[in-house]
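Working notes for the structure below.
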Amino acid sequence: AAARLLPPGSVDAVDLNCGCPQGIAKRGHYGAYLLSEPDLITGMVRRLDQELPFPVTLKMRIVTEGDLQETLNLASAIEAAGASVICLHGRTKEMKGQFTRDCNWDAIAAVKRRLNIPLIANGGIRTYEDVERCLAATGCDA
């Protein structure tokens, strides 16, 4: 990993972005398009956690609408692989542009209850009041 080449103390963490839903991420096989490959994601987290002297974090989305189990399983596997923090966007990769819907804070809350590491809620925030409502609804750390 290129992060190993940086001077000590110059990096606070490495964040893996498995949340980008854009077409370029699909074409490049990265972002949210990796969510269908849990072994690849957990392998990356595990390898980085073993080889880097600082925390590994990961941003992801809900894997499948209507089936929270996949998201719960993946978040748990990411935690077990060594992630220090997960950021969860409360929509699937398909929920973008004209297909955007309300953020699923209930799903985020379910993932929070499953994890023992900090979870950051993402999505559906436009105002400070939204921040307060989201944190109250999800129990997230941020």
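The values are calculated or read from the model by the stated rules, or taken from the named source; none is laboratory data. Nothing here was measured: the structure is a model prediction, and the numbers come from that model. Counting neighbours? That spans all protein chains shown, and the Cβs are built from the backbone with ideal geometry, glycine included.
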Worksheet item: Can you list the helices (runs of 4 or more DSSP H) found entirely within region 24-142 that contain at least 2 residues being in contact (Cβ under 8 Å) with a residue 24 or more places away in the chain and hydroxyl-bearing (Ser, Thr, Tyr)?
Response: 68-81
Discussion item. Going residue by residue through region 71-81, is there one that turns out to be more than 30 Å from residue 5 (Cα to Cα) and either buried (at least 19 other Cβ atoms within 10 Å of the Cβ) or out of contact with any helix residue (DSSP H, G or I) (no Cβ under 7 Å at 6 or more places or on another chain) (or both)?
Written reply: yes
Discussion item. So residue 44 passes all but one of these: (1) at pLDDT 90 or above; (2) within 16 Å of residue 92 (Cβ to Cβ). Which condition number does it fail?
Written reply: (2)
Discussion item. So residue 51 ticks every box in (1) modelled with pLDDT of 95 or more; (2) in contact with a helix residue (DSSP H, G or I) (Cβ under 7 Å, 6 or more places away or on another chain); (3) under 25 Å from residue 2 (Cα atoms) but one. Which box is left unticked?
Written reply: (1)
Response to the item:
Of the candidates 16, 40, 5, 48, the one satisfying the condition of being of a type in the set (A, V, I, L, M, F, W, C) and either touching a Lys or Arg at 6+ places or on another chain (Cβ under 8 Å) or under 24 Å from residue 102 (Cα atoms) (or both) is 16
